[in-house]
Amino acid sequence: MTRRGGLAIGTAGLALADTVAAATPLAAAAPLPPAFAGTRQPTPLRFDPAKLDGLSEKLVRSHWENNYQGSVRGLNMIEQRLAAAMADKDFPPVAYSGLKREQLHRSGSVVLHDLYSGGLGGNGQSAGGIKQALTTAFASFEGWEAEFRRTAMSLAGGSGWCVLAWNQHLGTLQNYWCWDHTNSPVTGTPLLVLDMYEHAFQMDYGAAAAKYVDAFMRNVDWEVVEARYLAARK
Ligand SMILES: [Fe+2]
């Protein structure tokens, strides 16, 4: 199994696609449609990275500037490569497959990183309807947190995310294991997202992933989680 961090780009399929796409000039001066625009900009951090509890400014900035922005740039590039490929009627399906794989991978990384950083900047104190709902779903709030932490630790250093989600179809709150930016729960709406790739904690905690999870929990903005939950239930 290959472990891939937020900056990982490149598969055999993509390499082939690069070669073909490079020989296929973007035809027109007409602007690309939104699906292929490739003009996405990084979402700014909503908090002062120097003021998180137990997560250093150096780590937070490095994560945002390198891993996250690398994913945004990668997604933009892939969208434009898709447009170029669609303009070439002879573009091989196997090469298009590589581009679509990378589109899925980059999209997952951008969305999950946005939701991860967008849920930080708080004081870690849970409240409101989401706290009550988690208490009901897991018998106690502590029961939810224990399962969330265990799910996170099952991925420590691996290629994955730990996601508290509202499952629209099942009508349940669940903690999901989300592998490689791409394997998300079907009909699950993310409420709280925890990055468990090593790049998210190694600089501060080495291999001590549990201490990173402790720090993450101290910085969760539960007002954001509550807002996501209410939006998901509409
Ligand atoms: Fe990350």
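Taken together, the values in this text are just the output of simple stated rules run on the coordinates, not laboratory data. Small disclaimer: the values here were computed from a predicted structure and weren't measured. So basically every Cβ, Gly included, is an ideal-geometry build from the backbone, and we count neighbours across all protein chains shown.
In this structure, is Ala165 under 17 Å from the mean Cα position of the chain (by Cα) and either surrounded by fewer than 17 Cβ atoms within 10 Å (Cβ to Cβ) or of a type in the set (Gly, Ala, Ser) (or both)?
When the stated conditions are applied, Ala165 passes them.
Take the residues in region 191-208 that are closer than 17 Å to Thr151 by Cβ and hydrophobic (A, V, I, L, M, F, W, C), then tell me which one is farthest from the ligand (Cβ to nearest atom).
Taking the candidates together, the pick is Leu191.
I need the helices (runs of 4 or more DSSP H) fully contained in region 31-150, keeping only those with at least 2 residues that are within 16 Å of the ligand (Cβ to nearest atom).
57-62, 69-86, 93-118
Please tell me if Ala139 is more than 18 Å from Gly108 (Cα to Cα) and surrounded by 16 or more Cβ atoms within 10 Å (Cβ to Cβ).
No.
Looking at Leu120, Leu99, Leu59, Leu104, which is the one that is within 16 Å of Cys162 (Cβ to Cβ) and in contact (Cβ under 8 Å) with a residue 24 or more places away in the chain?
Checking each option against the conditions leaves just Leu120.
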